[in-house]
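Structure first, commentary second.
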Amino acid sequence: MHSIPDSSPPQIPVEELYSQLKRDIHGQREIRLFSLFPGTGNSPIRGHLFIIGTEHTAIGFARVNYEALSYVWGDEKDQITIFINGHGFSITRNLYAALSRLRQCDRERVLWIDAICINQIDAEERGHQVSLMREIYGSAFQVLAWLGGAGVHGSNGMKELASLLYANPPHQTALYVFDEGFSESFRDILTRPWWSRLWVIQEAAVAKRLTFLCGEYILELPNRPEELSELADALRYARPTGTAALSYNGICHEQLSGLILNQRDRALDAKSKLQSLVYTYLLRECSDPRDRVFALLGLSRPSDLTRNPADYSMTVEAVAMRLLCHSARDIDPETEANTENGETCQLEKICKSLVGRNRGNQVFHASRRSTVGLKWHHVPNMSPYPVLSGIIVDTIAINDDYVQTTTPPDDPGVNYWNLFMRERSVGHNVNTHQHPKFQIMRTSRGRQACVPRIALAGDKLCIFLGFPCPFVVRQAEDKMFDILGECCLPGVMDGETVDFEQAHEILAVENWNWSYGLLRRQRRHAFSFSTRYNPDNGFFDYIRVAPGLELQDILLNKWIGEM
């Protein structure tokens, strides 16, 4: 047992609390565990972090007996201090309540808790630990689902949930509780924030033993495959229909039946396509929109996890583009041809939702007000190719095939690059010349662009409608393009190429001298631009392309960005 100091230690910077974890995907990997010290009443909550490692074996992290907590963070502005390794550490009030409930009076309790065991300010570590999430929760001897305090209806609601889960057989009980027996207490339990959170889907699904906690009340979910299958059948039989499906009854039914089905699939070791999972849970709540993909990786097939690893240096739009390219090559053309609302429709909704719902967080606006326009190119007996509307705005220069320009000291491009890199720097230097994933290269039109390090001369810079940043694309066979990743090209990042009025006004100047914009025309280096355009032809919410450029269909072949 650990002694508790009399005085409260000062709070230290988070980075000083965490040492680096090993991240070798081919060998040893490490996670942190939190040992919650014993205590009673209102005494301060204390504990310590320690690291455990594992070789890549079937037992994972199970050699250490620990429990994993599944909970809702709650209001991140409402913080309470606990003490870890002798230093102050801030957590949300809901997590504090959970720890107060879990703390024992006579012995330590070993837990895995994301807010404590992951260095949340290290995006690279977050990405690595997210990739281990299935193993972390699956290796725990028990997953604790904290629903919050009991309140007025909590205890009765838990009793009613227990009567449903342990009814034998459950069919008539399920019919009753989701019809005339749907009480205020039952609704209170099934409408707790825990049920609407995206991350709990995986956390609960992979649990060998799932236990609900509401105040002092405890309820363990049946975990034998035959019990789960019977429950799933009973809930399917009791599914509300018509207008009732959209009521509280219907919402609660879908959330509970989804949990039961996921638990059954775990017991049967069944895996799903990542895009189907993302589509199914597209309306679940999460604070980081990238987690709409990352939070479901542990339930998807191994190939999906390999092709779409959690990488918090990627923007939402890059994550969406990567998922689109990988998933499109995985569509069964025969099945798709016989499905009205097939996988192509799913991918359209996923892509538009991820990019569109993130519009308020976008730093750049290269495509201005335009929206994502996803279409499909069908080839007999092959998976369909996704097609996005795009504008090729420049090309990475081949040797000396670019316009020589003198960059002034106050070149605004530097500020654009730094802002672009700051979003994508995960524990790396923002300086573009030292960044491991990006480099500065000249373009054939005399500008400098910040592009992925895998970019080569001849690769093109393309603005896709609806996306805030340009992408570097590489010509593949049959006029299709591979996607290398996002880039920064000063002069197009604020929508200049798709803002007709601004482009027309500046390009009307005799020498087309748009210093940091789309074009820089010089006497000895004229560009072969077509001047044919029709200012009356609008496109996608009154977006018009600058003279000399063409809006075209870009056939996407595959994502080859760096992993």
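Can you tell me which residues in region 356-387 are closer than 27 Å to THR335 by Cα and within 22 Å of the chain's Cα centre (by Cα)?
Correct list: VAL372, GLY373, LEU374, PRO386.
Which residue is nearest to the chain's Cα centre (by Cα), if the candidates are limited to region 291-312 and must be surrounded by fewer than 19 Cβ atoms within 10 Å (Cβ to Cβ) and among the hydroxyl-bearing types (Ser, Thr, Tyr)?
THR306
Got a sec? Which of GLY154, GLY74 is farther than 25 Å from GLU30 by Cβ, surrounded by 16 or more Cβ atoms within 10 Å (Cβ to Cβ), at pLDDT 90 or above and in contact with a Leu (Cβ under 9 Å, 6 or more places away or on another chain)?
GLY154
Being surrounded by fewer than 22 Cβ atoms within 10 Å (Cβ to Cβ), at positive phi and at pLDDT below 95 is true for just one of ASP494, ASP541. Which residue is that?
Every option except ASP541 fails the conditions.
Taking the residues in region 346-371 that are in a loop (DSSP other than H, G, I, E, B) and aliphatic (A, V, I, L, M) as candidates, determine which candidate is surrounded by the most Cβ atoms within 10 Å (Cβ to Cβ).
Across region 346-371, the extreme among qualifying residues is ALA366.
Say whether the condition of being part of a helix (DSSP H, G or I), touching a Leu at 6+ places or on another chain (Cβ under 6 Å) and either surrounded by fewer than 22 Cβ atoms within 10 Å (Cβ to Cβ) or of a type in the set (Gly, Ala, Ser) (or both) is met by at least one residue in region 278-290.
No, region 278-290 has no match at all.
Would you check if GLU227 is assigned to a helix (DSSP H, G or I), within 24 Å of LEU102 (Cα to Cα) and outside the structural domain of PHE61 (by TED's automatic domain parsing)?
No; evaluated as a whole, the condition is false for this residue.
Would you check if ARG101 is in a helix (DSSP H, G or I), of a type in the set (D, E, K, R) and either modelled with pLDDT of 95 or more or not assigned by TED's automatic domain parsing to the domain that holds LEU21 (or both)?
yes
Keeping to region 207-232, report how many residues are in contact (Cβ under 8 Å) with a residue 60 or more places away in the chain and either closer than 24 Å to PHE61 by Cα or out of contact with any helix residue (DSSP H, G or I) (no Cβ under 6 Å at 6 or more places or on another chain) (or both).
So the count comes out to 9.
Restricting to region 195-226, name every residue that is among the acidic types (Asp, Glu) and closer than 15 Å to GLY258 by Cα.
The answer is GLU203, and nothing else.
Just need a number here: residues in region 157-191 that are surrounded by fewer than 17 Cβ atoms within 10 Å (Cβ to Cβ) and of a type in the set (Asp, Glu).
Residues that pass the stated criteria total 3.
Out of (1) touching a helix residue (DSSP H, G or I) at 6+ places or on another chain (Cβ under 7 Å); (2) part of a helix (DSSP H, G or I), the odd one out for ILE121 is which?
(2)
Sort through GLU334, GLU317 and tell me the only one that's of a type outside the set (S, T, N, Q) and farther than 26 Å from MET133 by Cα.
GLU334
Scan region 335-357 residue by residue and report those that are in contact (Cβ under 8 Å) with a residue 12 or more places away in the chain and not basic (Lys, Arg).
Of everything in region 335-357, those that are in contact (Cβ under 8 Å) with a residue 12 or more places away in the chain and not basic (Lys, Arg) turn out to be GLU336, GLU343, THR344, GLN346, LEU347, GLU348, ILE350, CYS351, SER353, LEU354, VAL355, GLY356.
When only residues in region 87-142 that are surrounded by fewer than 19 Cβ atoms within 10 Å (Cβ to Cβ) and β-branched (Val, Ile, Thr) count, which is farthest from SER43 (Cα to Cα)?
ILE121
Quick one: PRO384 ticks every box in (1) within 23 Å of LEU489 (Cβ to Cβ); (2) in contact with a His (Cβ under 6 Å, 6 or more places away or on another chain) bar one, so which box is it?
The one condition PRO384 does not meet is (1).
The values are calculated or read from the model by the stated rules, or taken from the named source; none is laboratory data. These numbers were taken from a predicted model, which means no experiment stands behind them. Positions of Cβ are generated from backbone atoms using ideal geometry, with glycine treated the same way; all protein chains shown enter the neighbour counts.
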